[in-house]
Amino acid sequence: MVTKTINIRESAYHALKAQKRAGESYSDVILRVTGGEEKSICDFLQTIDPSVRSEIAESVKTAKSELERVKPRKVSL
């Protein structure tokens, strides 16, 4: 990973620090706040509490099973 040193005012540092989430680097904060880099759904899920991720996974599995059981309607032309 390439790094660059930048100079910012102390007030800017405190503003950035206030936006920082647990486990997030300052680079992550800057990219999130500025919209500088799109993240995948997997990146987003990593920010969610593990118990909630499990709930989401179960909901997705259930929905997928239900969709596989549904037969599409025949379309008449």
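Being closer than 22 Å to Lys4 by Cβ and loosely packed, with under 10 Cβ neighbours inside 10 Å is the filter here; which residues of the stretch 26-77 pass it? Hits for the stretch 26-77 are Thr34, Gly35, Gly36, Glu38.
Here Ser11 fulfils each of the conditions (1) surrounded by 10 or more Cβ atoms within 10 Å (Cβ to Cβ); (2) assigned to a helix (DSSP H, G or I); (3) at pLDDT 90 or above; (4) not basic (Lys, Arg) apart from (1).
The values are calculated or read from the model by the stated rules, or taken from the named source; none is laboratory data. If you're wondering where the values come from, they're calculated on a predicted model, not measured in any experiment. Ideal geometry is used to build each Cβ from the backbone, glycine not excepted, and the neighbour counts take in all protein chains shown.
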